[in-house]
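Only one structure is covered here, and it is reproduced in the block below.
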Amino acid sequence: MSAQFLQFLLAGLTVGAIYALVALGFSIIYNASHVINFAQGEFVMVGGMCTVWLGNAGWPLPAAIAAAVLLAALLGLALERFAVEPARGASVVTLIIITIGASILLRGLATLVWDKKLHPLKPFSGEAPIQIGGATLLPQSLWVLGVTLVVVLLLSWFFGRTLLGKALLATSHNRLAAQLVGISVRRVLLVAFGLSAALGAVAGILIAPITFTSWDVGVMLGLKGFAAAVLGGMGSGPGAVVGGLALGIIEAMGAGYLSSAYKDALAFVIILAVLFFMPSGLLGQRSADRV
Amino acid sequence: MKHRAWFAAALLAAATAVQAQAPIRIGTFLSVTGPAAFLGDPEQKTLELYVEKLNAAGGVLGRQLQLVAYDSAGDAEKARTFAKRLIEQDKVDLIVGGSTTGETMAVAPLIEQAGMPFISLAGAVVIVEPVKKWVFKTPHSDRQACERIFVDMKARGTTKIALISGAGGFDKSMRAQCMQVAKNHGIEIAADESYGAGDTDMTAQLSKIKNTLGVQAVLNCGFGQGPAIVTKNYRQLSIGAPLYQSHGVASKQYIQLAGGAAEGVRLPAAALLVAETLPDSDPQKKVVLAYKRDYESRYKSDVSTFGGHAYDGLMIAVEALKKAGSTDKARVRDAIESVRGFMGTAGVFNYSPTDHVGLDVSGFRMLEIRKGDWTLAR
């Protein structure tokens, strides 16, 4: 019994780490601009598809990965510069709809530039499963967990110790005050989008060897990452990580012990439950409005 | 008066001449993209290739064939829309299509209402049971796959198995069929798991199967992305029992996606996949080898049984057109139903008013995947 529990736990942690990376992307952009970027899932897709494409064209894997992350970051910058910035003064709902439109555009471009087939990506260090206490773990899962940990540490260093990171945080707390002390909000937004896109791409590349990639993987992953961000508290970095891991584990346990057919539904039931009972999420700040 | 008569005669001659040149329109809706792409893509390629070849050889009934094709992307709603368009706007003479069971079943009521001869390329037995007047199909049905697999299992002494299936129409249908016929072969189903359509991780379900005592083999009912991931997870969990798949994975794309994990997987499939290794005395060899060579030399990619189903469907349709001598839908339908002894890539077809599948299990071979290629199972 416990070997089975461990198996579910490991599966949940692996996919939870991916959700955490996607949720971080949501949180960073939300922090900087109060926009929920529903094109986040598409950055995940671009990361995986671009790596496969370059890999098939003969590029060595590290170069393909670097190029894919860079391409995703550029797309994030382009999204901010050409879609979000011109609509700066519009309401949040308008901006969200703009990002939904961008996600549809990116999916369409993906089918034109690449194709609609499923693509496998070679695992980074082989497929031989590792036995741990009766459960098995793929080496790729170790990559997922390891890289996610490194990314989270890098981000906490970035936000806590660098001027640019602190500027991002300042903008999220109070935009006007940040502008008054000389922070270029425009630059902050560009960095936020670019960074989130890169995070999404990394997530897509890490998971592609396990789950295949195709033009529409972004839809589900984006929505689940959003669910994770809501669960952990939209806008909270640690919340995104906790929410992602929690969602992954809940899904795996649900599939294992309840019914495997309703796995996807769990993420959306969680969104509903959080919004009903705990709108600011697990670690989010209670928002208060001055009347 | 004389001018009028000449004029009328000329007009009539012109009209019949135009009518004689009007192409025979064959409609199709296939899942060329989407989760069933490795079914629909070779199907479309096959139809295009053979329509071209038939036209180059003079067409059928002295008329050229025209293929009207739509991509339904595995979506039953889209399939319905396109089928409606084929029937009402494009006014095709018959339809050869419907890559998946879900799409075919969604379209069937339209077909019956419109009285359009329809040859489906999908698998589930529910398509032809109860027999629908206008709907035929060319692949082996899922019940035949279950029977073929159970025969193989019984011969190896397997009595207790686990099932794992997806959420699609074919998956559910095959699961139901297998559960129904299992006892006829003395096989007990000890575990029954399922996964969702877009699921990317089946380790939870397989883990439960692994922990079920006495399971000697596992049968995965499904096609497309699901079985590829099940196969990968299966090897990851180091489950020693043999894994059986359905004929829904009879494409090199499955081997490409599952990678090394596909080694040793068994499945029932048409002899088409092992055409070269068939003995010369095998009655199927000529047809399957010819199709394989045509397809591979034209498209430079490996043949799959799905393309074979499309070939069978088109050739049966052409045979029926010739037999009926016209494109009158009722006569074509009757002609299809009276096809006997037709050798296709899947086997010999013998349609009848009570049998719209036409195949028996003799054309179904048990294959095993070795070193990334198909071989006849020992």
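Values computed for the structure shown
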read-out: Test for A:ILE18: is it within 14 Å of chain B (Cβ to nearest Cβ) and either within 12 Å of the chain's Cα centre (by Cα) or among the aromatic types (Phe, Trp, Tyr) (or both); value: yes
read-out: All strands (runs of 3 or more DSSP E) inside the stretch B:112-167 with 1 or more residues being within 14 Å of chain A (Cβ to nearest Cβ) and hydroxyl-bearing (Ser, Thr, Tyr); value: B:160-165
read-out: Members of the stretch B:306-331 that are crowded, with 22+ Cβ neighbours inside 10 Å and either more than 29 Å from B:GLY248 (Cα to Cα) or over 21 Å from the mean Cα position of the chain (by Cα) (or both); value: B:LEU321
read-out: Filtered residue count, the stretch B:2-33, keeping only those that are touching a strand residue (DSSP E or B) at 6+ places or on another chain (Cβ under 8 Å) and modelled with pLDDT under 85; value: 3
read-out: Condition met for B:ALA228 (among the small types (Gly, Ala, Ser) and buried (at least 22 other Cβ atoms within 10 Å of the Cβ)); value: yes
read-out: Residues being within 14 Å of another protein chain (Cβ to nearest Cβ) and free of Cβ contacts under 8 Å to residues at least 12 places away in the same chain - total across the stretch A:89-124; value: 2
read-out: Selection within the stretch A:218-241 - over 21 Å from A:SER33 (Cβ atoms) and surrounded by fewer than 24 Cβ atoms within 10 Å (Cβ to Cβ); value: A:VAL219, A:MET220
read-out: Top-ranked residue in the stretch A:1-11 [being at the interface with chain B (Cβ under 9 Å from one of its Cβ atoms) and part of a helix (DSSP H, G or I); ranked as surrounded by the most Cβ atoms within 10 Å (Cβ to Cβ)]; value: A:ALA11
read-out: Test set (1) buried (at least 16 other Cβ atoms within 10 Å of the Cβ); (2) within 26 Å of B:GLY259 (Cα to Cα); (3) under 19 Å from the mean Cα position of the chain (by Cα) - B:SER301 fails condition number; value: (1)
read-out: Number of the condition not met by A:THR136 [criteria: (1) within 14 Å of another protein chain (Cβ to nearest Cβ); (2) assigned to a helix (DSSP H, G or I)]; value: (2)
read-out: Test for A:GLY101: is it of a type in the set (Gly, Ala, Ser) and either part of a helix (DSSP H, G or I) or crowded, with 16+ Cβ neighbours inside 10 Å (or both); value: yes
read-out: Positions within the stretch B:270-312 being touching a strand residue (DSSP E or B) at 6+ places or on another chain (Cβ under 6 Å) and within 17 Å of B:SER251 (Cβ to Cβ), in sequence order; value: B:ALA271, B:LEU273, B:VAL274, B:THR305, B:GLY308
read-out: Any hit, the stretch B:48-70, residues being modelled with pLDDT of 90 or more and within 16 Å of the chain's Cα centre (by Cα); value: no
read-out: Selection status of B:GLN216, crowded, with 24+ Cβ neighbours inside 10 Å, modelled with pLDDT of 90 or more and either in contact with a Cys (Cβ under 9 Å, 6 or more places away or on another chain) or more than 14 Å from chain A (Cβ to nearest Cβ) (or both); value: no
read-out: Filtered residue count, the stretch B:186-203, keeping only those that are surrounded by fewer than 24 Cβ atoms within 10 Å (Cβ to Cβ) and either out of contact with any helix residue (DSSP H, G or I) (no Cβ under 9 Å at 6 or more places or on another chain) or more than 7 Å from chain A (Cβ to nearest Cβ) (or both); value: 8
read-out: Residue satisfying condition, being away from every other protein chain (no Cβ under 14 Å) and among the small types (Gly, Ala, Ser), within set A:GLY248, A:GLY254, A:GLY233; value: A:GLY233
read-out: Odd one out for B:LEU206 among (1) out of contact with any Lys or Arg (no Cβ under 8 Å at 6 or more places or on another chain); (2) over 21 Å from B:LEU367 (Cβ atoms); (3) surrounded by fewer than 23 Cβ atoms within 10 Å (Cβ to Cβ); (4) within 14 Å of chain A (Cβ to nearest Cβ); value: (3)
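The values are calculated or read from the model by the stated rules, or taken from the named source; none is laboratory data. It should be emphasised that the depicted structure is a prediction, and the values quoted were computed from it without experimental measurement. Quick reminder, even Gly has a Cβ in these numbers, built from the backbone with ideal geometry, and neighbours come from all protein chains shown.
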